1. Hey, can you tell me all the residues within the stretch 27-44 that are open to solvent by 60 Å² or more (accessible area, probe 1.4 Å) and modelled with pLDDT of 85 or more?
2. Restricting to the stretch 58-92, what's the tally of residues that are within 27 Å of residue 25 (Cβ to Cβ) and of a type outside the set (A, V, I, L, M)?
3. Those residues that are exposed (fewer than 11 other Cβ atoms within 10 Å of the Cβ) and at pLDDT below 85, I need them from the stretch 14-26; list them, please.
4. Scan the stretch 50-71 and report the pairs whose first residue is within 28 Å of residue 36 (Cα to Cα) and whose second residue is of a type in the set (Lys, Arg) and open to solvent by 40 Å² or more (accessible area, probe 1.4 Å), with Cβ atoms within less than 8 Å and a gap of 6+ or a chain change.
5. Quick check: anything in the stretch 5-12 outside any loop (DSSP other than H, G, I, E, B) and either basic (Lys, Arg) or surrounded by 11 or more Cβ atoms within 10 Å (Cβ to Cβ) (or both)?
6. For residues that are of a type in the set (Val, Ile, Thr), open to solvent by 90 Å² or more (accessible area, probe 1.4 Å) and assigned to a helix (DSSP H, G or I), tally how many sit in the stretch 47-93.
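The values are calculated or read from the model by the stated rules, or taken from the named source; none is laboratory data. Remember, it's a predicted structure, so these values are computed and weren't measured experimentally. Backbone-built Cβ (ideal geometry, glycine too); neighbour counts: all protein chains shown. With ligands, DNA and RNA removed, areas are computed over all heavy atoms of the protein, side chains included. Shrake-Rupley method; radii C 1.70, N 1.55, O 1.52, S 1.80 Å.
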Amino acid sequence: MWPARAAGASGRLVDFFPVGPALLAVPAYLAVLAGGRVDGNPFGPPYSWAFTLASLIYGLLALLVSFRLAGLVAGRRAAWVAVAGAALATPFV
């Protein structure tokens, strides 16, 4: 069964492909299209690299914001430990 047609407990269709990450990756996709080296395959290396780099940039930005907020609440040392733990728990390591 194709996952996009699966029904949840309420009988309504379940959405396995959220729109949020795609919207955040739009600037990276536009950069690929502006580069002009597109072969017509929407799943090719330029697009996958663009999505991966956009995810990495947003992840690092989230770590920076987390560090700033944790530093306000618990101090710099605890913020470093918390952000290091969060960073080491990601699949990018």
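1. 27, 29, 30, 31, 33, 34
2. 9
3. 16, 17, 18
4. As it stands, the answer is none, since no pair meets every condition given.
5. yes
6. Within the stretch 47-93, residues that are of a type in the set (Val, Ile, Thr), open to solvent by 90 Å² or more (accessible area, probe 1.4 Å) and assigned to a helix (DSSP H, G or I) number 3.
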